[in-house]
Amino acid sequence: MSECLFIKKDIIKAKENKEVMSGMEYIYAALLLHNSGKEITEERISAIMEAAGIEPDMGRIKGLVSALDGVNIDEAISQPAYAPAPVPQTPAPPAEKGEAEEKGKEEEKKKEKEEEKEKAEETGMEGLASLFG
């Protein structure tokens, strides 16, 4: 019950303070008219606003009516407000010069170590061969 009192107080504050109104109430009024199959006019939106206990702002109403002139509301409602952009499938970016050079140096070091091991093995085999020679 106490929540209802807070909501009622907020509604009364909103009616007293025009700045709190977001303007959506005008759009809702236009949607109500469209849903009922009636033409969206300044007079009808104004009447809905007054019936809701809101003082109509004729500037907003005129702007809304002119903005909706020629708009297919059913089509506008059926389309998404935004469509996520497709993510392009791109290959990984090439490594930077510094990274490529480091990789190249590491590979060279590995090759050198392998060559040194092979030479050490060959040298060791030569020594054994001379013993049994």
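Per-residue extension of 0.36 nm, minus the Cα-Cα distance of residue 110 and residue 77, leaves a gain of 5.4 nm for this segment. Projecting the Cα atoms of 35, 71, 47 onto the charge dipole of the range 24-91, computed from C-beta unit charges around the Cα centre, puts 71 farthest toward the positive end.
On full extension of the chain, what length is gained from residue 89 through residue 35, given 0.36 nm per residue of separation minus the C-alpha to C-alpha distance?
Result: 15.1 nm gained on full extension.
Taken together, the values in this text are just the output of simple stated rules run on the coordinates, not laboratory data. Computed from a predicted model, the values in this text were never measured in an experiment. In this analysis, Cβ positions are derived from the backbone assuming ideal geometry, glycine residues included, and neighbour counts consider all displayed protein chains.
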